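Report on one structure; see the data block that follows.
The values are calculated or read from the model by the stated rules, or taken from the named source; none is laboratory data. All of these numbers come straight from a predicted model, not from anything done at the bench. Please note: Cβ atoms are built from the backbone with ideal geometry, for glycine as well, and neighbour counts cover all protein chains shown. Surface accessibility is based on the protein's heavy atoms, side chains included, excluding ligands, DNA and RNA. Shrake-Rupley method; radii C 1.70, N 1.55, O 1.52, S 1.80 Å.
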Amino acid sequence: MARSYTVIIIGSGVSGIAAATKLLKNKFNNFIILEAENRIGGRIQTLPFGDGHIELGAQWIHGEEGNVVYNMASDQNLVSDRRETMQQFMNSTFVTSSGCEIKSDRLREYIKVAYSVFDDSPKDDLERFMSLGELFHKRTENILIDSEELPLKQFINWCQHYQNSYNGSDNWFEASAINIDTYKTCPGYPAISWKSKGFSTIIDLLQEKFNDETEHLCIKDKVIFGKEVVKIYWSGDLAEVLCADNSRFQAQCVLSTVSLGVLKNVCNELFEPEIPEYKLDAIKNIGIGTVDKLFLKFPYKWWPDTTPGFSFLWSDDDREKFVKENKRRGWDYLCDVFGFYIVDNCPNTLLGWIVGPAARNMERKSIDEIKIGLVYLLNKFLGDKFTIPQPDLVTRSQWGTNSHFYGSYSFHSMNTDKEGNANSQLAKPLVNSTGKNILLFGGEATHSHYFSTVHGAIESGWREADRILEQFKE
C-alpha cells in the first residue's frame, strides 16, 4: 500500500531543503522528503577532520551582492573576513616534475593573464562557438611565451586543470565559451570561506530564515533516509514513486531535485511515461563533470608559513615515464593532482585537487592506496626541499562514482544551445492529463544563470515551493 501525501520532494540537498522550509513556513505540511543517502545536504558535506573540519563538497560562497547564501551567512557573522582564497593558487609555489621551483618573475604575470582570459565575453560569433580551451589558446597565443625559466606547455596544462576545477568540466574543450555570458556572477569576492562550522551550516540558516518566535521548523522530521527512487509514474491524477526497497509513495505533485548526473544516467528508466524530448535534450546537453578533493592531515606543519600551497607542473616526458614505471600500481591518476593547498579551519592539513576521468579513477582506490600514492607524489615534487612526515589522516570525496550524484556540478557544454536556454527547459514543470503540474524539477542545474552554485540551488528550491503554494492555495 502506497503512503499518500500532497507533495513528495525527492532529495534533501540544499534545493530540496530550501523548498521544504518555505513550504513549512507557509503552513504547508502534507509532504515528505525521500533521501537516498543517510544524511541531509547532498553535495554539501562538512566533516570533522583532526582539529578542524573540511568540506568534501561545496566550499565557497561565490560572490556577495544578490547572493542569498552570503546574505544569510553574513547576517549571522559566519563569513570569513579573509579575501585571499583565489590568491592561494596564484601565490602558491610552482614546482616542476623534476623538483625545480619556478621563481621567474614572469610566472606571476602569466598567471594574471591566464586568470583574466575568461573575464571578457566572447567578442564575436567565432568566439561564441569556441570551447573554453579554444578561447584560452586564441586569447593567449601572442602573450604567453615559452622559455627555459617558464615551461609554457606545463603551465597551460596546469591552467586547464585549475579551470576545470572551477567550472566543473572534465575537460575545458568540453565547456562552451558561452559559460562566460550565461553564468551570472554575483558582485563581490568570488570565493569566500566560512568563518567556522562550515557550509553545512546553511541547512540551519534555511530553517532559521523561515522561523519565527512562535514555531521552530525541524526539517529532519520530514526526511525519510535510505530511499533511493527508481521509478516515478507521473501520467495520472496522482504521481507514484517507487523506491529500491519496493516502498511506494503517492502524491498530487512530485518535486525532483536529484543531481543532473543522476538524470543523465537513469532518465530513460526513471520516468514512466518517458519525459518529453525537449527535457531529455536539456539533460543530455547540459554538462556535468567530476571535481574531487584529497585531504591529508599531518602531525605537524612541514611547509613554510609564507606558502599557501604547491602547484605541480608535469612535463610530458616525466608524465609518460611515471605512468610507465607505476603502471602495476595504477598510479596514473596522480599525474592529474594539480596541487596541494592549505585548508581554512583545519590546521596541518593540505587539500589536493583532481578532476575528470582521473578523479573517478581515484575514487575506486582504497584510502590506504591513495595515502601511499599521495605521499610518493609529494616526495617526488618536494622531497628534495622538505622532510615530509606520514599523514595521520587521509580522506577524499567520491562525487563521480556515487550513484546518488554522478558528478559535482553543471556547466554549459559544447552541445548546450548558444542562448543558454537548456536550464530553463530542464526547470519546466510537467502536467498530467488534467493540466495540473505533477512533476517539478529543482536543483542547481535548473537555474538559468546561477547553475553550479549553492545559491542557485537554493533559489531553485524556493522557485518550486512558490509554484507548489500557488497550485495548492485555498
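A few comments on the model shown:
- Seen from residue 257, the other residues with C-beta closer than 12 Å to its C-beta sum to a net charge of -1, counting Lys and Arg as +1 and Asp and Glu as -1.
- Surface per residue (accessible, 1.4 Å probe) for the range 217-354, Å²: 42
- Residues with amide H under 5 Å from that of residue 293, placed H, sequence gap 5 or more: 397
- Heavy-atom accessible surface of the range 357-471: percent carbon and sulfur, 1.4 Å: 48
- Measuring with a 1.4 angstrom probe and ignoring ligands and nucleic acids, residue 301 comes out at about 90 Å² accessible.
- The value of relative contact order for the range 93-213, using C-alpha pairs under 8 Å at least six residues apart, is 28 percent.
- Amide H contacts of residue 177 (H built 1.01 Å from N, under 5 Å, at least 5 apart or other chain): 130, 131, 132
- For the range 63-172, the solvent-accessible area works out to 49 Å² per residue, with a probe of 1.4 Å and every protein chain left in place.
- For the chain, a crude dipole built from +1 on the beta carbon of Lys and Arg and -1 on the beta carbon of Asp and Glu, taken about the Cα centre, is about 820 debye to the nearest 20.
- With every protein chain in place and a 1.4 angstrom probe, the accessible-area ranking of 274, 134, 55, largest first, reads 274, 134, 55.
- Residues of the range 64-78 with amide N under 17 Å of the 7 Å Cα→Cβ point at residue 196: 73-78
- Between the C-alpha center of the range 232-297 and that of the range 87-104 there is a gap of 43 Å.
- Restricting attention to the range 2-138, close to 50% of DSSP beta bridges with both partner residues there are antiparallel.
- Signed unit charges on C-beta, dipole axis of the chain, positive-most listed residue 313, 142, 402: 402
- Averaged over its residues, the range 358-474 has an accessible area of 40 Å² per residue, based on protein heavy atoms and a 1.4 Å probe.
- Gain on full stretching of the segment that runs from residue 184 to residue 300 - 0.36 nm per residue minus C-alpha separation: 37.7 nm
- Database remark: amide H of residue 439 closer than 5 angstrom to the amide H of 254, 430 (H placed geometrically; neighbours at sequence offset of 5 or more, or on other chains; Pro and chain starts carry no H).
- Pairs beyond 23 Å (Cα-Cα), from 301/380; 112/153; 321/371; 231/264; 138/321; 138/418: 138/321
- Mean sequence separation of contacting Cα pairs (under 8 Å, at least six apart), scaled by the length of the chain, corresponds to a relative contact order of 26 percent.
- Fully extended contour minus Cα-Cα distance, from residue 221 to residue 323, at 0.36 nm per residue: 31.7 nm
- For the pair residue 87 and residue 107, the difference between a 0.36 nm per residue extended length and the Cα-Cα distance amounts to 5.8 nm.
- Neighbourhood net charge (12 Å Cβ-Cβ; Lys/Arg +1, Asp/Glu -1) for residue 324: 0
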